[in-house]
């Protein structure tokens, strides 16, 4: 028997099949293009992260039909595998867009890391144009954002939303680009339900595996759509069925109206562009530290102590754990208040070059880490405060209630977004300036591209 809740999945399916790009609001389309630009920049900057070459080699060794390009490395693989790799590469510096929004609701999540690369990779495989890519991506963004914002998503349940909601969003993308009909798309959603995954333990232990769910979401989505095309059947209501997404992977649906409200009229997704290549939770303390050292011209050698005032509960969180360089130094660094604040105090900036193995092990940053202490935020304050005491007796504080990048409140400017792209290009050191400029021009005019061949070519330097 079909559940009464199936009306929602029916509307989702109809929207995936029927939505038209010309109905998309101009600011929504611009945000989508900006997220493509930003995510591609993160792919360029993150591709060389030390754990990635072996992963790419392993996928290439698996072989299979050469359908889509493994970006930055070259060579082709089955579309599902290529999409998985490309997602993981752009996730590597935890730098891609975050914070999916639906109306006034904001959920933790990294939707774009899956949706952009799924759409780009599969568009290449099927010969889609830029308009097709953007429409499919917007559909995936919207579904994942709605799923995360209708369930009071929390990592305390143990699931990484990058491997659950993202996979359902990516299935919408795959269904649209592969031309599934209503029955096939319903089955694709049901098929991917059996492949939702991603343990939050990857984050709490800062392991290499933190990158995996965002890539598995893409692979599993494409595979599910392909299975549906091959005639496989699956549960009819992957969202609100008795053992569907909400029941198995969330605390239950809370804001049910947001699942279908303005569906096909409003398209939601990530709204925050990250200024620093680390966990979003570290950004407000970084802002505070940068405010202190840059506004008061404090050199690292003059710092006696740095006090980080944290909101209630943060002292017991993963980001406040003692500093230790383990088997995956990059993960230790990007998920650490201590390292990221020390980096800001030492360099007066926090950029990809500060997260190489050599930079993480640098004696100066580790000496500063030893000078950092944590305490609870004063009762009359909100957000974060960093107080620096200097050896000459000075004491200076920086405060942040809204971290840089948040929309609304403190968004990155267009110039800052472009500067981030160029910083990723410079850090990677793989592209000639002229090629990167050509790539930038194509991405900024994405809806006019008849095919993605030139974009793909420029992403294999």
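Assorted remarks:
- Residue identified as over 16 Å from residue 136 (Cα atoms) and free of Cβ contacts under 8 Å to residues at least 24 places away in the same chain among 58, 71: 58
- Among the residues making up the range 197-212, those that are out of contact with any strand residue (DSSP E or B) (no Cβ under 8 Å at 6 or more places or on another chain) and either surrounded by 24 or more Cβ atoms within 10 Å (Cβ to Cβ) or assigned to a loop (DSSP other than H, G, I, E, B) (or both) are 197, 205, 206, 207, 210, 211.
- Residue count for the range 315-353, restricted to those that are in a helix (DSSP H, G or I), within 23 Å of residue 291 (Cα to Cα) and in contact (Cβ under 8 Å) with a residue 12 or more places away in the chain: 17.
- Answer from 112, 50, 123 - the residue that is out of contact with any strand residue (DSSP E or B) (no Cβ under 7 Å at 6 or more places or on another chain) and crowded, with 24+ Cβ neighbours inside 10 Å: 123
- Only one of the listed residues (332, 270) is buried (at least 17 other Cβ atoms within 10 Å of the Cβ), modelled with pLDDT of 95 or more, over 20 Å from residue 389 (Cβ atoms) and assigned by TED's automatic domain parsing to the domain that holds residue 424. That residue is 270.
- Contacts under 6 angstrom Cβ, first residue in the range 19-31 being under 21 Å from residue 406 (Cβ atoms), partner surrounded by 11 or more Cβ atoms within 10 Å (Cβ to Cβ), 6 or more apart: 28/267
- Options 226, 240: the member that is in the same structural domain as residue 167 (by TED's automatic domain parsing), assigned to a loop (DSSP other than H, G, I, E, B), in contact (Cβ under 8 Å) with a residue 60 or more places away in the chain and at negative phi: 240
- Number of the condition not met by residue 85 [criteria: (1) in contact (Cβ under 8 Å) with a residue 60 or more places away in the chain; (2) closer than 30 Å to residue 23 by Cβ; (3) buried (at least 24 other Cβ atoms within 10 Å of the Cβ)]: (2)
- Some residue of the range 401-408 being under 23 Å from residue 298 (Cβ atoms), in contact (Cβ under 8 Å) with a residue 40 or more places away in the chain and either more than 26 Å from the chain's Cα centre (by Cα) or not in a loop (DSSP other than H, G, I, E, B) (or both): no
- Residues that are surrounded by 19 or more Cβ atoms within 10 Å (Cβ to Cβ) and closer than 23 Å to residue 82 by Cα, drawn from the range 426-441: 428, 431, 436, 439
- Residues within the range 45-94 that are at negative phi and either assigned to a loop (DSSP other than H, G, I, E, B) or within 18 Å of the chain's Cα centre (by Cα) (or both), tallied: 27
- Residue-level check: of (1) under 24 Å from residue 32 (Cα atoms); (2) surrounded by fewer than 17 Cβ atoms within 10 Å (Cβ to Cβ); (3) in contact with a helix residue (DSSP H, G or I) (Cβ under 8 Å, 6 or more places away or on another chain), residue 404 misses just (2).
Matching residues to (1) within 21 Å of residue 126 (Cα to Cα); (2) assigned by TED's automatic domain parsing to the domain that holds residue 140; (3) surrounded by fewer than 24 Cβ atoms within 10 Å (Cβ to Cβ); (4) modelled with pLDDT of 95 or more:
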position	(1), (2), (3), (4)
187	yes, yes, no, yes
253	no, yes, yes, no
256	no, yes, yes, no
260	no, yes, yes, yes
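- Any hit, the range 360-381, residues being at pLDDT below 95, at positive phi, crowded, with 16+ Cβ neighbours inside 10 Å and not in a helix (DSSP H, G or I): no
The values are calculated or read from the model by the stated rules, or taken from the named source; none is laboratory data. Note that the coordinates shown come from a computational prediction; the quantities given were computed from them, not determined experimentally. Ideal geometry is used to build each Cβ from the backbone, glycine not excepted, and the neighbour counts take in all protein chains shown.
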